[in-house]
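Reviewing the structure listed below.
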Amino acid sequence: MKMTFRWYGLNDCISLQTIRQIPGMTGVVTAVYDTPVGSVWSEDSIAALKKACDENGLEMEVIESVPVHEDIKLGRCRRDEYIENYCENIRRLSKAGVKCICYNFMPVFDWLRTNLHTLAEDGSNSLSYNHEEIMKLDPKHLSLPGWDESYTAEELNGLLESYAGMTHDQLFDNLVYFLKRIIPVCNDVKMNMAIHPDDPPWDVFGLPRIISTAEDYERLFAAVPDNANGITFCTGSLGAGRDNDLLQMAYDYAKRGKIHFAHIRNIQYSNELDFREVGHKTDCGSLDIYGIVKALVEGGFDGYVRPDHGRNIWGENAKPGYGLYDRALGACYLNGLFEAIEKGRK
Ligand code: DNO
């Protein structure tokens, strides 16, 4: 296992100098942010990130994300061009020492929350999800924080219209089309692809989502069995699905060598669908973080880990989910769990 920390590049207000001081940190998870989705990343931009990491004694072996252009998800005629660009990014990143790429295949929206600053009793605040509030929204006039900033209202409406009527099977076929073309490149250059699950793991605004359940994973692994076609095991995203058996999934997919990357965080259920994000420790929330780590270790997991979303604590007011303090605490807690469980087995 290698513990890593997400870093938003040279403009991140959390410096590499700071990150390297977190005990047990081996590297960062980052991306090139100066290039539109779908295009090829410049070698200079990749090299600049790599140089900064090298200078700070941190590895840059995981990229999150190389985003997938909507034309690929929609199966539009320009998809081959975007897939070729994606392949070129895989080659360039591999040359820079990257070993794993995290990406997702959610139409239009990535993660979805209704409040980025839900206040807890202890005075900390964190992200939360309220289904009723989502249902009340008109997707054509959205102003939710966090993820819709990249589209103008017109673009968003256009995109939503393009997806109208798309079924789960069609979206899945488009994913397989994409994978069948990029995985051979990954095999050549020894890159692992790690698809991020849907967050939350159900359809939103009528858009299909296809990486939410154990059944979805079986279909994914069967369609493209190569080892390079793996997953990001995100406990917070999958854990919002009350029917997902995280311990079983963690053990099973680790055993099959499918988990290249793990995002570990805890959430607290407030009813059947709603949740808020909490501290990483098991008794802070509804997920058995200890049990999940144990299942990963017992399954022989040997990938990258990062603490996922943290709360705002100690007066920090950070990019939602991505402050320093609570993620650093999370990393230390997770390192402790891994050490204890691994040593206990010897
Ligand atoms: C949220 C993240 C996701 C993730 C993407 C991967 O904090 O876990 O945004 O980076 O879904 O493509």
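Since every read-out is calculated from the coordinates, none of them should be taken as a lab result. No experiment lies behind these values; they were computed from the predicted model shown. For neighbour counting, all protein chains shown are included, and Cβ atoms are generated from backbone atoms with ideal geometry for every residue, glycine included.
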Filter LYS50/LYS73; LYS190/LYS319; LYS2/LYS255; LYS50/LYS294; LYS255/LYS319; LYS2/LYS180 down to the pairs with a C-alpha to C-alpha distance above 26 Å, please. LYS50/LYS73; LYS190/LYS319; LYS50/LYS294; LYS255/LYS319; LYS2/LYS180
Taking only the Cα positions of the range 71-158, the convex hull volume per residue in Å³ is 152
So, by mean Cβ neighbours within 10 angstrom, what's the order for 114-120, 330-336 with the highest one leading? 330-336, 114-120
Net lengthening on full extension, GLU88/ASP245 (0.36 nm per residue, minus Cα-Cα): 52.8 nm
Can you give me the distance in nm between label points at CYS13 and ALA340, each placed 7 Å from the Cα along the Cα-to-Cβ direction? 3.4
Of TYR269, VAL68, PRO184, whose Cα points farthest to the positive end of the dipole of the chain (charges on the beta-carbon: +1 Lys, Arg; -1 Asp, Glu; origin at the Cα centre)? PRO184
Once the piece of chain linking LYS51 and LYS255 is laid out straight, how much longer is it, given 0.36 nm per residue of separation minus the C-alpha distance between them? 70.0 nm
Kindly write out, for the range 198-203 in residue order, the coupling ³J(HN,Hα) from the Karplus curve 6.51 cos²θ - 1.76 cosθ + 1.60 (θ = phi - 60°), rounded to whole Hz, with x marking Gly and Pro. 5, 9, x, x, 7, 5
Can you work out the PRE-style zone for GLU215? Point 7 Å along Cα to Cβ, and I want the residues of the range 153-173 with backbone N under 13 Å. 168-169
Antiparallel DSSP beta bridges within the range 2-345, percent to nearest 5: 30
Counting other Cβ atoms within 10 Å, which trypsin sites (Lys or Arg not before Pro) in the range 231-309 have at most 16 and lie in a DSSP loop? ARG242, ARG256, LYS281
Could you tell me the largest-minus-smallest coordinate of the C-alpha atoms of the chain on each of the three principal axes, in descending order and whole angstroms? 52, 47, 38
Only counting other Cβ atoms within 10 Å, I'd like LYS50, LYS73 sorted with the fewest neighbours first. LYS50, LYS73
Can you run phi through the Karplus equation (6.51, -1.76, 1.60; θ = phi - 60°) for the range 118-127 and list ³J(HN,Hα) in whole Hz, with x for Gly and Pro? 6, 7, 9, 4, 7, x, 7, 9, 7, 7
Listing LEU273, LEU329, LEU175 by rising number of other beta-carbon atoms within 10 angstrom, fewest first, gives LEU273, LEU329, LEU175
What distance in nm separates the two pseudo spin-label positions at GLU154 and GLU316, each 7 Å out from Cα along the beta-carbon direction? 4.0
If each residue's Cβ is checked for other Cβ atoms within 10 Å, how do ARG306, ARG345, ARG79 rank with the fewest at the top? ARG345, ARG79, ARG306
